[in-house]
There are 2 protein chains.
Amino acid sequence: MTELKAVPELDHVALRSACSKCNLRELCLPSGLPEEELDQLDKLIRVRRSCRKGEHAYRAGDPFESLYAVRAGFFKTNLLNEDGRDQVTGFHMAGEVMGLDGISADRHPCDAVALEDSELCVIPFSRLEELTREAPSLQRHLHKIMSREIVSDQSVMMLLGSMRAEERLAAFLLNLSQRMTARGYSPSEFYLRMTREEIGSYLGLKLETVSRVFSRFQNEALIAVQQKHIRILDIPKLRKIVGQNC
Amino acid sequence: MTELKAVPELDHVALRSACSKCNLRELCLPSGLPEEELDQLDKLIRVRRSCRKGEHAYRAGDPFESLYAVRAGFFKTNLLNEDGRDQVTGFHMAGEVMGLDGISADRHPCDAVALEDSELCVIPFSRLEELTREAPSLQRHLHKIMSREIVSDQSVMMLLGSMRAEERLAAFLLNLSQRMTARGYSPSEFYLRMTREEIGSYLGLKLETVSRVFSRFQNEALIAVQQKHIRILDIPKLRKIVGQNC
DNA sequence: AAATCGGCTTGACAAGCATCAAATAGAAAG
DNA sequence: CTTTCTATTTGATGCTTGTCAAGCCGATTT
């Protein structure tokens, strides 16, 4: 854990390091852009912001003005229904864009909470739209990012609608592993930034069930868990579990 | 049921009746556009297409080229996973846009199947993108439509992750009712175009459970079901059921 | 009118997960 | 170092929903 001094939650910090030089550029908004459009994106994304663990990037009900790209760290998004129901709708790691769900009603429908000390790039949406009007490949890329979110939400729907607890957790671990790999980290060893309860909320399970399935996986030598530290020992078998109840 | 003659599945029919005169325009893509942008949309959306019951608007794996607005009728979209799992990801009525999930990989990830004889407007996506570059309010509206899809998928995630069978079905009926109302139909009396199995697939339940809950609702005088014909008798109580397990 | 077929209903039973409860482990605070 | 607190693990039990099976209803065909 880093040891930053306390920072007021809304402290906007203009840091250096442009999109064009960001080492996440191939995962994030700039992916595959021509030089010229990349330069313009650099001009657009000037504000960066730190979030200490537990702080919000935005809250449900906040007016929608910007998208937020995770520059470093880890976030969860949390939907709070009228009827008081509360569910984690996603976990977001470096290079991923949050806030697309706010466009539809000009308000953020969910909370975005940092699960570790993190950094965000703030992308003013109206200005991004302006820019995409002159930058076709950026436009297409924005649409792909939105579409990808739809696809990934639908695959969570599939998971919640048709998988049993073991399959859900296997799919979850494989998904994390794959995203870690895409970021150059080990595919088989990482820290879970979220609690068992948050995993359960995301997967439609109770925390006890998450814990039990982890233990079962450990007994079968599929993984090694110790608190938040996870080692994945047998990816092929996990894959088999996911594809089981076809 | 209408009694059209058999029509080849891919028969493209250029019908008249432009977006600007469509009585669904306030629900669909043209919603809230200035005159000029509306005219351009009319020029873009020239191809309309009939789908007989059971026919596909598009299939999983088809190259993505167009969005499809439902002009009349009723569709389901169906995701077929690598591992053979099959799930209904949505039901789509007049004025709703299908195919946004295809942008991300340039292929449609799911099937879209007509559940009754239907008509579609074909919206070539590259040309739509071109047009939105010159039409800011159309651009914003497209983004809102995509964002709305994300929001609605997330509320299905919430439903699947945290509601019990009765709550899911109550929420489902209320959602249908509300969409019927928005289209000028009765909020309390309509035909279900889908089978119990399709409802179950969408809601993460087995068809027997769907049937049992309908029967229970009927016994409690919340609804009157007879096959596909539904009358909703007590909307407030259904709302209470949805908000129960907060 | 009888037969056939797909979709629906209902019952009996079992499996999976939730709930409740208690114990343990680690981290943070005193 | 001890205390406190939160997150996690594990066990016992029960509810909800799935599974299997049989019968029914309505539409269409013969």
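Here are some notes:
- Inside the range B:107-126, residues that are closer than 14 Å to B:TYR58 by Cα, touching a residue at least 60 places away in the same chain (Cβ under 8 Å) and part of a loop (DSSP other than H, G, I, E, B) make up a count of 1.
- Of the strands (runs of 3 or more DSSP E) lying entirely inside the range A:146-246, those containing at least 3 residues that are within 14 Å of DNA strand C (Cβ to nearest atom) are A:223-226.
- Scan the range B:173-190 for residues that are surrounded by fewer than 21 Cβ atoms within 10 Å (Cβ to Cβ) and under 17 Å from B:PHE217 (Cβ atoms) and the total you get is 8.
- Within the set A:GLU65, A:GLU82, A:GLU26, A:GLU96, the sole residue that is closer than 30 Å to A:GLU134 by Cα and at pLDDT below 95 turns out to be A:GLU26.
- Checklist (1) farther than 26 Å from A:HIS141 by Cα; (2) polar (S, T, N, Q); (3) not in a strand (DSSP E or B) applied to A:SER104, failing item: (1)
- Reported count of residues in the range A:19-60, each being assigned to a loop (DSSP other than H, G, I, E, B) and either surrounded by 17 or more Cβ atoms within 10 Å (Cβ to Cβ) or not acidic (Asp, Glu) (or both), is 20.
- Among (1) exposed (fewer than 14 other Cβ atoms within 10 Å of the Cβ); (2) at negative phi; (3) of a type outside the set (A, V, I, L, M, F, W, C) - the single one A:GLU167 does not satisfy: (1)
- When A:CYS110 is tested against (1) within 24 Å of A:ARG25 (Cβ to Cβ); (2) buried (at least 22 other Cβ atoms within 10 Å of the Cβ); (3) within 13 Å of another protein chain (Cβ to nearest Cβ), only condition (1) is not met.
- Per the listing A:MET194, A:MET157, the residue uniquely within 30 Å of B:SER155 (Cα to Cα), away from DNA strand D (no atom under 11 Å from the Cβ) and in contact with a strand residue (DSSP E or B) (Cβ under 8 Å, 6 or more places away or on another chain) is A:MET157.
- Selection of the range A:198-213 for residues being away from chain B (no Cβ under 13 Å) and either closer than 17 Å to A:THR77 by Cα or surrounded by fewer than 19 Cβ atoms within 10 Å (Cβ to Cβ) (or both) yields A:LEU207, A:GLU208, A:SER211, A:ARG212.
- Complete set of residues in the range A:35-62 that are farther than 15 Å from A:THR132 by Cα and of a type in the set (Val, Ile, Thr): A:VAL47
- The residue pairs whose first member lies in the range A:138-150 and is on the phi < 0 side of the Ramachandran plot, whose second member is of a type in the set (Ser, Thr, Tyr), and whose beta carbons are closer than 7 Å, counting only pairs six or more residues apart or on different chains, are A:LEU138/A:THR132; A:GLN139/A:THR132; A:HIS141/A:SER31; A:LEU142/A:THR132; A:LYS144/B:SER104; A:SER147/B:SER104; A:ARG148/B:SER104.
- For the range A:117-130, taking the residues that are touching an Asp or Glu at 6+ places or on another chain (Cβ under 8 Å) and within 11 Å of chain B (Cβ to nearest Cβ), the one that is nearest to A:GLY32 (Cα to Cα) is identified as A:PHE125.
- Residues of the range A:222-245 classified as within 12 Å of DNA strand D (Cβ to nearest atom) and within 14 Å of chain B (Cβ to nearest Cβ), total: 2
- Filtered by the rule that a residue be facing chain A (nearest Cβ under 8 Å) and free of Cβ contacts under 8 Å to residues at least 60 places away in the same chain, the range B:70-91 gives B:LEU79, B:ASN81, B:GLU82, B:ASP83, B:GLY84, B:ARG85.
- Of all residues in the range B:198-221, exactly one satisfies the criterion of being more than 13 Å from DNA strand D (Cβ to nearest atom) and within 21 Å of the chain's Cα centre (by Cα), namely B:GLU198.
- Test: residue in the range B:150-159 that is more than 26 Å from A:GLU198 (Cα to Cα), hydroxyl-bearing (Ser, Thr, Tyr) and either in contact with a Pro (Cβ under 8 Å, 6 or more places away or on another chain) or within 9 Å of chain A (Cβ to nearest Cβ) (or both): no
The values are calculated or read from the model by the stated rules, or taken from the named source; none is laboratory data. Being a predicted model, the structure only gives us computed values, none of them experimental. Positions of Cβ are backbone-derived with ideal geometry, glycine not excepted, and every protein chain shown enters the neighbour counts.
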